[in-house]
Amino acid sequence: LDGAGDFVAMPDDPAYDFEPNEDFTVSFWMKPTTIQANTTSTENTLLGKWDNVTYSGLGFPYTIRYRNQGHTSPGTIRVLRRSGSAGLITTDSVTTIAPDEWHHVAYVKNGTTLSLYIDGMYEVSTTDTADGAAAGTMHTASELLVGTLGAGGNEFSGSMDEIRIW
């Protein structure tokens, strides 16, 4: 992924939407380049089930981002999740991902806890405030996007491998 229009789009599948009452794990290996080519935003999208144009302001199950050199915490990971009723839920890493090296990232929901792991080590947790009564609010008809936020935004520069969704 070169940060200038390269990305992967997989067709919409509600199995990737993760309603408020569903546990899940999203994991992958990543190797960011030293300099992120796309700096129109301070965060570059690694993987997400959200199209920022069509579904702006609506609920989405997750988008996982890499903070680029323009951010105050470059090299860290940010995960976003939004329930239409509960608002935005963020999980931010403490560890800095070293560029030009492979790193494993896992985002896990177990019960009401959202946890982030980097290279097999626990980073941080937050409470998933998505309301179980809000079933259906996490679904977007968005494709599952790798390396972009959608409609050509926030492209990631680097490599990704072994993307797994449970």
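The values are calculated or read from the model by the stated rules, or taken from the named source; none is laboratory data. The structure presented is a predicted model; accordingly, all values stated were derived computationally and were not measured. FYI the Cβ positions are ideal-geometry reconstructions off the backbone, even for glycines, and counts take in every protein chain you see. The area values use the complete protein model at the heavy-atom level, side chains included, leaving out ligands, DNA and RNA. Shrake-Rupley method; radii C 1.70, N 1.55, O 1.52, S 1.80 Å.
With the requirement that a residue be touching a Pro at 6+ places or on another chain (Cβ under 6 Å) and farther than 18 Å from VAL108 by Cα, what does region 1-32 give you? Explain how you work it out, then say what you get.
Going through region 1-32, the residues touching a Pro at 6+ places or on another chain (Cβ under 6 Å) turn out to be 17-18, 32.
Matches in region 1-32: PRO32 only.
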Condition set over 22 Å from SER93 (Cβ atoms) and either modelled with pLDDT of 90 or more or part of a loop (DSSP other than H, G, I, E, B) (or both), scope region 8-36, selection nearest to the chain's Cα centre (by Cα): answer is ASP17
Looking across region 72-93 at residues that are open to solvent by less than 60 Å² (accessible area, probe 1.4 Å) and among the β-branched types (Val, Ile, Thr), the single one that is modelled with the lowest pLDDT is ILE89
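Specify which of the listed residues (THR127, THR96) is touching a residue at least 12 places away in the same chain (Cβ under 8 Å), surrounded by fewer than 19 Cβ atoms within 10 Å (Cβ to Cβ) and closer than 18 Å to TRP29 by Cβ.
On the way: THR127 fails: closer than 18 Å to TRP29 by Cβ.
Just a single option satisfies the conditions, and that option is THR96.
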When every residue in region 118-166 that is touching a Gly at 6+ places or on another chain (Cβ under 6 Å) and among the polar types (S, T, N, Q) is compared, the one modelled with the highest pLDDT is SER157
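Can you pull out the residues in region 99-123 that are in a strand (DSSP E or B) and open to solvent by 50 Å² or more (accessible area, probe 1.4 Å)? Please lay out each step first, then the result.
So the first thing to find is which residues in region 99-123 are in a strand (DSSP E or B), and the list is 103-110, 113-118, 121-123.
Residues satisfying the conditions are ASN110, THR113, TYR117, MET121, TYR122.
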